[in-house]
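What follows is a single structure, written as structure tokens, with notes after it.
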Amino acid sequence: MAVVAGVDSSTQSCKVELRDLDGAALLGTGTAAHPPAYGPCSEQHPARWWEAFELAFARAIEAAGVQRADIAAISVAAQCHGLVPLDAEGTVIRPAKLWNDTTSAPQADRLRERIGPDTWIKAVGSLPTAAFTLSKLAWFAETEPDGFARLRRICLPHDWLTLRLSGRHVTDRSEASGTGYYSGARDRYLTEFLDLVDDGRDWADTVPAVLGPDEAAGPIIPATAERLGLRPGVLIAAGGGDQHATAVGLAVQPGDVVYAIGTSGVVLSVAREPVFDLTGMVDGVADMSGGYLPLVSTLNAARVTDWMAGILGVDQVQLAKMALSADPGRAPTMAAFLDGERKPDRPTATGLLAGFTSATTREDLARAAHDGVVLGLLRGEACLNAAGIRTGGRVLLTGGGARSPAYRQILADLTGREILVADPKDADESTARGAAVQAAAVATGVPIRELARTWAPRTQAVAQPRPGTELLRAELIGRYRTLADWTAFDGSFRGGNR
């Protein structure tokens, strides 16, 4: 049996799934945790990612009951934007600053002033925030000049794992377009933006080569093959970003909209042409199949309901039941910007809760936490529509939040539409699934866009909008937007310990 491996190296963990190359059947999965990482200073050492990958890979092999010699190809998808700086020997200089690290917000502000918001958006398709790699690079140069002086190569998280597997310093369009210094539309690096960090460096030798969606990074390097127990010649695909792989794994088509509720929240669609939203809300990044992935990302998603569950002393199952038992019309309104926010760009913002009284119940608070996450993403879909992206097709829910009956029902009520999830027996981890599709593409030579359609997962409806929610929907959206806009004034409603 020929087998492909799809890897999802996320903020929280590494997940590996193994699939039969001749039919896409899911054979087995494995998971291993990453160290916890929270903003505003969110960092992980890449060595921990590799340790988690080896453990998750071994667990997937055991669960699948296959031989390591059966593996034909591997693709790695990972958390986006993070900065992994390497020296001349390929050694990691310092822990990676992750996407949800907002300590480079001052550098992002200065870069925005120097480049100009409209110029930057027209150049790269997005208005980069502190999440993007360029501001982290500027932070590194200003804050740790001795370490920056040693810098010879830049990697993103998936680039570094691909380097460990293939020995090649490469990336793909999806990841490069989230750096703030690459144009997906023109398919080239914009080294003039990197010169704003250091104009005395040859950046062309520092950034990874950008592979096309159907290119392989190369065969696995012999030492790594031996370490993992794999046969020589296993192909390593180009890989990509986590949300980009999700779109592949779910076979998202133009008109579909995906709500991803994980550590972060993302609402996305796909487009064949580049997207430039001059409001800065929509990131018009490239996708993994040769097109584009317009999306709106939030820093605060499932972490908000995890936090609320801790406050109330319940588990997620109990929290969902409490939220669904509450009267949504009387629940407080939450702007859930607990760790700052990415879209809208408010790195110093904090959460706000309004409309609570002495009659407010624990159930109301559970509902408010779910509403705060969903309403932030619903605002993101409105921004996609304003940027010219049609989202009248399927509504797909994915990520850890997709397992929650509260998220499912509240999303149905607030969108007024049927909610679909991928069949959990076939596509419980859509990012790892998308990576497996890419691995299969390089193993077979079939273009990834074509293979994604062939391997499209089954979906099932899990929620319908309940009768009588139309007026409530408009009321909740209005309340949320009013409260969320308050965070734009100074974002400083912080306790003394912050």
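The values are calculated or read from the model by the stated rules, or taken from the named source; none is laboratory data. Note that the structure is predicted; figures quoted are calculated from it, not measured. Note that each Cβ is placed from the backbone with ideal geometry, even for glycine, and that neighbours are counted across all protein chains shown. Accessible surface is based on the protein model in full, side chains and every heavy atom, while ligands, DNA and RNA are left aside. Shrake-Rupley method; radii C 1.70, N 1.55, O 1.52, S 1.80 Å.
Couple of notes before you dig in:
- Search result, residues across the range 332-350 that are open to solvent by 30 Å² or more (accessible area, probe 1.4 Å), closer than 18 Å to ASP306 by Cα and in a loop (DSSP other than H, G, I, E, B): ASP339
The rows are residues; the columns are (1) outside any strand (DSSP E or B); (2) more than 30 Å from GLY280 (Cβ to Cβ); (3) open to solvent by 40 Å² or more (accessible area, probe 1.4 Å).
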residue	(1), (2), (3)
THR171	no, no, no
GLU175	yes, no, no
GLY178	yes, no, no
ARG186	yes, no, yes
GLU192	yes, no, yes
GLY200	yes, yes, yes
ILE236	no, yes, no
HIS244	yes, no, no
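- Count of the range 352-368 residues, restricted to those that are of a type outside the set (D, E, K, R) and either under 30 Å from PRO254 (Cβ atoms) or buried (at least 18 other Cβ atoms within 10 Å of the Cβ) (or both), is 4.
- Applying the criterion of being of a type outside the set (Gly, Ala, Ser) and modelled with pLDDT under 95 to the residues of the range 4-61, the residue that is farthest from LEU338 (Cα to Cα) is ASP22.
- Filter result for ARG227 (part of a helix (DSSP H, G or I), touching a helix residue (DSSP H, G or I) at 6+ places or on another chain (Cβ under 9 Å), open to solvent by 30 Å² or more (accessible area, probe 1.4 Å) and not aliphatic (A, V, I, L, M)): yes
- Total residues in the range 287-316, condition touching a residue at least 40 places away in the same chain (Cβ under 8 Å), open to solvent by 30 Å² or more (accessible area, probe 1.4 Å) and over 22 Å from VAL248 (Cα atoms): 4
- Single residue of the range 246-293 satisfying the filter (over 11 Å from the mean Cα position of the chain (by Cα), in a loop (DSSP other than H, G, I, E, B) and β-branched (Val, Ile, Thr)) that is nearest to GLU341 (Cα to Cα): VAL282
- Filter result for the condition that a residue is in contact with a strand residue (DSSP E or B) (Cβ under 9 Å, 6 or more places away or on another chain), within 17 Å of TYR181 (Cα to Cα) and modelled with pLDDT of 95 or more, over LEU86, LEU127, LEU111: LEU127
- The set of residues from the range 1-56 being free of Cβ contacts under 8 Å to residues at least 24 places away in the same chain and part of a strand (DSSP E or B) comprises ASP20, ALA33.
- Qualifying residue in the range 317-331 (condition: in a loop (DSSP other than H, G, I, E, B), among the polar types (S, T, N, Q) and either touching a strand residue (DSSP E or B) at 6+ places or on another chain (Cβ under 7 Å) or open to solvent by 30 Å² or more (accessible area, probe 1.4 Å) (or both)): no
- Residue list for the range 369-393, restricted to those being surrounded by fewer than 18 Cβ atoms within 10 Å (Cβ to Cβ) and under 11 Å from VAL267 (Cα atoms): ALA382
- Top-ranked residue in the range 452-482 [being in contact with a helix residue (DSSP H, G or I) (Cβ under 7 Å, 6 or more places away or on another chain) and of a type in the set (A, V, I, L, M, F, W, C); ranked as nearest to ALA427 (Cα to Cα)]: TRP455
- When the range 129-161 is filtered for residues that are surrounded by 22 or more Cβ atoms within 10 Å (Cβ to Cβ) and of a type in the set (D, E, K, R), the ones remaining, listed by number, are LYS136, ASP159.
- Residues located in the range 103-114, provided they are open to solvent by 20 Å² or more (accessible area, probe 1.4 Å) and in contact (Cβ under 8 Å) with a residue 40 or more places away in the chain: THR103, ARG114
- Top-ranked residue in the range 92-120 [being of a type in the set (A, V, I, L, M) and assigned to a helix (DSSP H, G or I); ranked as farthest from ASP159 (Cα to Cα)]: ILE115
- Counting only helices (runs of 4 or more DSSP H) that sit completely within the range 394-449, those holding 3 or more residues that are surrounded by 23 or more Cβ atoms within 10 Å (Cβ to Cβ) and hydrophobic (A, V, I, L, M, F, W, C) correspond to 405-415, 430-444.
- Test for GLY116: is it of a type in the set (Gly, Ala, Ser), over 25 Å from the mean Cα position of the chain (by Cα) and over 29 Å from PRO274 (Cα atoms): no
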